[in-house]
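Worksheet: the structure to be examined is printed underneath.
The values are calculated or read from the model by the stated rules, or taken from the named source; none is laboratory data. This structure is a prediction, so every number in the text was calculated from the model and none was measured. Cβ placement follows ideal geometry from the backbone for every residue including glycine, while neighbour counts extend to all protein chains displayed.
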Amino acid sequence: MAGKKRDKIQSEQLEGFKYFKVLSGMLETLHEAGCRRDRAHNRILHMDQYITLLLMYMFNPICSSLRAIQEASDLKKVQRVLKVPRAALGSLSEAARVFDSDLLVGIIGQLVEQLKPIRHDAKLSDFDQIITLVDGSWLPAIAKTTWALFRKDDTHRAIKAHMHVELLKGVPVAATITDANSSEHTVLTEHLEAGRLYVLDRGYARYDLLEAILNAKSSFVCRLQDNAVFEVIEERQLDDEALNAGVVRDAVVGLGCKATRGKLSRPLRIVEIECTPHRKPSGKTARGGPEQGDTILIVTDRLDLPADVVGLLYRCRWQIEIFFRFFKHVLGCRHLLSTDKNGIELETYAAIIACLLIALWTGRKPTLSTYRMLCWYFSGWADEEELMRHISKLPPQDAAEKLA
């Protein structure tokens with residue numbers, strides 16, 4: 001039995017356009033992008049309009065494909081309020097290749113500057129560096145995405161999103177899209193910035209990366225492998241706060257064996273903290289790796305921080321894992337609109353902008369429940385009063401983190 005033909009999108013199914021006005025002035029700067037290739041001077045769809053349509057796609061579940069975006073662009077209400085023209089499928093497909101994704105980085109930066117710090121532990125206030133959580137995660141890719149290396153077989157391909165999330169604002173500030181097998185520490189080395197405190201998991205514990213971070217005038221808090229080799233230079237006394245936080249050792253060390261110690265230009269600091277290992281009955285960890293010890297080793301160049309704050313910073317790294325779950329719901333569980341790397345970057349950056357808009361509208365980190373409510377509002381199922389009531393009932397950010 002043939003499936004029922006899907007009805008075209010109606011204007012009453014799309015709401016909440018006024019929330020995109022915060023972007024209007026920023027996106028106007030992109031209007032002439034990509035026009036150099038338009039020698040005939042007949043381009044109809046411009047970059048600012050394409051990004052606006054992508055954002056409409058992010059927040060309107062009724063728009064589930066490139067064709068759905070094209071149908072929405074046919075609606076007079078969409079054209080009038082969003083100031084976009086009718087877009088042909090060919091124009092939307094070409095846009096993913098023509099418009100440079102790097103141009104969105106500046107827009108993301110402008111939105112980040114408008115955000116105020118969310119509620120956080122007072123111990124993390126007054127840092128002289130921007131606390132930045134870094135990690136990478138796989139996203140399913142279309143089988144036709146030939147540049148993405150396959151994970152299992154030729155029909156199961158994946159891309160990797162390398163994300164930077166500012167802890168005190170709770171939002172992503174940068175992303176790099178690569179094939180699935182790209183090295184996370186290599187990608188980070190290529191995108192280091194000055195004035196940041198990078199919080200990293202043990203997959204980033206490479207001496208050349210740690211030295212590169214120092215050379216970039218930044219710092220790091222990074223978990224080490226449990227079998228890391230180091231020579232103790234000074235044992236530091238633990239205060240009550242450190243002991244209460246589970247710190248069992250605080251030492252200045254020369255990291256690495258004799259053959260590798262020359263890769264680091266200065267002594268570093270190791271803070272050892274008690275943990276509760278998650279083991280399977282067989283003695284394996286939940287992820288199938290080697291058995292985890294009862295403590296973890298954290299290395300940092302910040303000799304001035306209290307030991308318990310070093311531990312607190314590493315515990316906060318888990319927030320990027322929570323963010324990835326949300327981000328994949330916005331992007332990874334939706335239909336990727338392009339197989340082109342630049343097109344996927346455009347879609348990824350649009351998803352980051354969507355996250356930033358949620359944070360600006362609510363004054364809190366983006367969460368799955370708020371994203372769902374916004375989608376219901378933009379789809380016409382919830383009115384503005386219901387949306388505002390949802391936002392007013394959101395728990396304080398620190399309480400929400402305890403529940404996450």
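Residue-wise test of (1) out of contact with any Ser or Thr (no Cβ under 7 Å at 6 or more places or on another chain); (2) under 26 Å from MET163 (Cα atoms); (3) of a type in the set (Asp, Glu).
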{"residue": "THR178", "(1), (2), (3)": "yes, yes, no"}
{"residue": "ASN181", "(1), (2), (3)": "yes, yes, no"}
{"residue": "HIS185", "(1), (2), (3)": "yes, yes, no"}
{"residue": "GLY195", "(1), (2), (3)": "no, yes, no"}
{"residue": "TYR207", "(1), (2), (3)": "no, yes, no"}
{"residue": "ASN227", "(1), (2), (3)": "yes, no, no"}
{"residue": "THR260", "(1), (2), (3)": "yes, no, no"}
{"residue": "LEU264", "(1), (2), (3)": "yes, yes, no"}
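Yes or no, residue by residue, for (1) in contact with a helix residue (DSSP H, G or I) (Cβ under 6 Å, 6 or more places away or on another chain); (2) part of a strand (DSSP E or B):
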residue	(1), (2)
LEU197	no, yes
ASP226	no, no
ARG266	no, no
ILE273	yes, yes
For LYS76, which of the numbered conditions (1) surrounded by fewer than 17 Cβ atoms within 10 Å (Cβ to Cβ); (2) closer than 28 Å to LYS169 by Cα; (3) modelled with pLDDT of 85 or more fails to hold? (2)
Pull out all pairs, ordered by first then second residue, where Cβ-Cβ is under 7 Å, the residues are six or more apart or on different chains, the first lies in segment 120-134 and is touching a residue at least 40 places away in the same chain (Cβ under 8 Å) and farther than 25 Å from HIS191 by Cβ, and the second is surrounded by 14 or more Cβ atoms within 10 Å (Cβ to Cβ) and not small (Gly, Ala, Ser). ASP121/LEU312; LYS123/VAL309; LYS123/LEU312
For ARG287, are the conditions met, namely being at pLDDT below 95, of a type in the set (Lys, Arg), surrounded by fewer than 17 Cβ atoms within 10 Å (Cβ to Cβ) and in a helix (DSSP H, G or I)? no
When the residues of segment 209-228 are narrowed to those that are within 14 Å of VAL271 (Cα to Cα) and over 22 Å from the mean Cα position of the chain (by Cα), which ends up modelled with the highest pLDDT? LEU224
Any chance segment 232-246 includes a residue that's in contact (Cβ under 8 Å) with a residue 60 or more places away in the chain, closer than 20 Å to SER183 by Cβ and either out of contact with any helix residue (DSSP H, G or I) (no Cβ under 7 Å at 6 or more places or on another chain) or of a type in the set (A, V, I, L, M) (or both)? no
The lone exception for ALA212 - which of (1) touching a residue at least 60 places away in the same chain (Cβ under 8 Å); (2) part of a helix (DSSP H, G or I); (3) of a type in the set (A, V, I, L, M, F, W, C) it fails: (1)
Any idea which of GLY170, GLY195, GLY203 is farther than 21 Å from GLU113 by Cα and of a type outside the set (Phe, Trp, Tyr)? GLY203
Which of (1) in contact (Cβ under 8 Å) with a residue 24 or more places away in the chain; (2) surrounded by 14 or more Cβ atoms within 10 Å (Cβ to Cβ); (3) under 30 Å from ILE344 (Cα atoms) is the odd one out, the single condition PRO267 does not satisfy? (3)
If I filter segment 83-97 for residues that are β-branched (Val, Ile, Thr), part of a helix (DSSP H, G or I) and either under 29 Å from ALA174 (Cα atoms) or modelled with pLDDT of 90 or more (or both), do I get at least one hit? no
Verdict on LEU188 being over 14 Å from the mean Cα position of the chain (by Cα) and at pLDDT 95 or above: no
Out of the helices (runs of 4 or more DSSP H) lying entirely within segment 336-399, which hold 3 or more residues that are within 22 Å of the chain's Cα centre (by Cα) and of a type in the set (A, V, I, L, M)? 341-362, 368-378
